[in-house]
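Q: There's a structure below that I have some questions on.
The values are calculated or read from the model by the stated rules, or taken from the named source; none is laboratory data. Quick caveat, the model's predicted, so the values are computed rather than measured. Cβ: placed from backbone, ideal geometry, glycine included. Neighbour counts: every protein chain shown.
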């Protein structure tokens, strides 16, 4: 069996730049734990290398685009590449995002070079610019052949020529195996072995005794005796659903009424595969051009009524975004800017249906609440009804986040971080949206301040809150300060500290001393 490997270099960067809508020619790097995990060609030309710390990479390339690592994003972006190759040769195996293997389709296309040219052309036409192909007797040799090929080119290793091809390759090609490969490369270089041929010439029992099972397996690969097989994936089912309007419709109500049957069929198809959708992309098209697209997330899973509501909200929002508040905007309510001829439902996130089964006593009460909130959203707008969500932060206000009802909370700050300077529990009951101004004085009547080192100039003895909220009263107990200095790298104004104060009436308050003065942030009543 001959093996074809298709390699798309720096795939994590390619996928991240596409998601961020940045130019693919921008110098960019994907970071994990503030370390460069993958960088592209423009970044490497500026001196950026894999394994560099973030600040080192930025010092070498000030224009470097920093992107977060996201394995799910990389896999989703690689799915179209798998589909293109799968259309030409079934039995594709996704080794990892950016790398796939398939049995070399030689005779069908004439020669193996013709087959590689066909695959390469199909991928380039689909939008994948940097693609390289290798063909050999085994998986390891085919991958190394792909890595030696030029952009939009291929390298075909003749049958029986794997050992000769691999002999001249440097040992650092083994670093693709991750941490074990990097450790082995370091050891081989210290032993004076520079090429795979040097490793292949060593006695097998000596290599296994010194380098263990992994080292013996690498030696077999270096000799062109790689026994690794790959399992072809089963093509994913086609789960998208769409409805075409003939003639196109320009009424939101008419479109919403017409998509209900398609929404039910879409969910029935998922249920047939024992799946439910927790994330769905709704796409509206006009003359085969996407005019509105949004990914909707659900805290549980979508029903047909949920999908119909999302279509209604999305189209109504798209039809009234300009000129809000004017007579023209009020007239456009219920109509879209251009007639819609197609609505598509694309499952973005699907999960096993067994993970979303109903509780023992059903979920009728929850459904009633959700339907009631959905009616309110239909009247005041989707983003106008929000629910509070806890996130990480140092201040009580920073720990609050508001998420539209029915949407899943994403991009929140993690709660389990240390967050130095955060006030310890219990958490306050009330957090003021606009903290009122306050005054705090010491026993001499002077205002309590903070030094540049966060030291209090005096013990708080009396305090009051302006605008008649709270008159002067003595402080019976206080704790703090908890100083923080946030945003200093962006020209922050200075140190801010929080104090817990108990007044003579027994109520507790959270006061904040900022460079511009005192304010009341929260109450513990």
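Q: When you go through (1) at pLDDT 80 or above; (2) within 15 Å of residue 500 (Cβ to Cβ); (3) in a loop (DSSP other than H, G, I, E, B) one by one for residue 443, which number turns out not to apply?
A: Status for residue 443: all satisfied but (2).
Q: Here's a follow-up. Let me spell it out: the conditions are (1) modelled with pLDDT of 90 or more; (2) touching a strand residue (DSSP E or B) at 6+ places or on another chain (Cβ under 7 Å), and residue 139 meets all of them except one. Which number is the exception?
A: Status for residue 139: all satisfied but (1).
Q: Ok, one more. Which residues, taken from region 90-115, are part of a strand (DSSP E or B) and under 16 Å from residue 74 (Cα atoms)?
A: Within region 90-115, 93, 94, 95, 96, 99, 100 qualify.
Q: Looking only at region 386-436, count how many residues are assigned to a loop (DSSP other than H, G, I, E, B), farther than 20 Å from residue 300 by Cβ and touching a residue at least 60 places away in the same chain (Cβ under 8 Å).
A: 14
Q: So which residues in region 20-51 are surrounded by 19 or more Cβ atoms within 10 Å (Cβ to Cβ) and either outside any strand (DSSP E or B) or out of contact with any helix residue (DSSP H, G or I) (no Cβ under 8 Å at 6 or more places or on another chain) (or both)?
A: If the condition is that a residue be surrounded by 19 or more Cβ atoms within 10 Å (Cβ to Cβ) and either outside any strand (DSSP E or B) or out of contact with any helix residue (DSSP H, G or I) (no Cβ under 8 Å at 6 or more places or on another chain) (or both), then 27, 40, 42, 43, 48 are the ones that fit.
Listed here are the residues, each with its yes/no results for (1) closer than 30 Å to residue 103 by Cβ; (2) buried (at least 17 other Cβ atoms within 10 Å of the Cβ); (3) out of contact with any strand residue (DSSP E or B) (no Cβ under 6 Å at 6 or more places or on another chain); (4) touching a residue at least 40 places away in the same chain (Cβ under 8 Å).
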residue: 181; (1), (2), (3), (4): yes, yes, yes, no
residue: 210; (1), (2), (3), (4): no, no, yes, no
residue: 213; (1), (2), (3), (4): yes, no, yes, no
residue: 221; (1), (2), (3), (4): yes, yes, yes, yes
residue: 240; (1), (2), (3), (4): yes, no, no, yes
residue: 272; (1), (2), (3), (4): no, no, yes, no
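Q: Could you go through region 491-512 and let me know if any residue there is assigned by TED's automatic domain parsing to the domain that holds residue 447, modelled with pLDDT under 80, assigned to a strand (DSSP E or B) and over 17 Å from residue 399 (Cα atoms).
A: Looking for residues that are assigned by TED's automatic domain parsing to the domain that holds residue 447, modelled with pLDDT under 80, assigned to a strand (DSSP E or B) and over 17 Å from residue 399 (Cα atoms), one finds none in region 491-512, hence no.
Q: Under 28 Å from residue 133 (Cβ atoms), assigned by TED's automatic domain parsing to the domain that holds residue 114, out of contact with any strand residue (DSSP E or B) (no Cβ under 8 Å at 6 or more places or on another chain) and part of a helix (DSSP H, G or I): is that true of residue 72 in this structure?
A: yes
Q: In the list 74, 56, which residue meets the criterion of being crowded, with 19+ Cβ neighbours inside 10 Å and closer than 29 Å to residue 31 by Cα?
A: The match here is 74.
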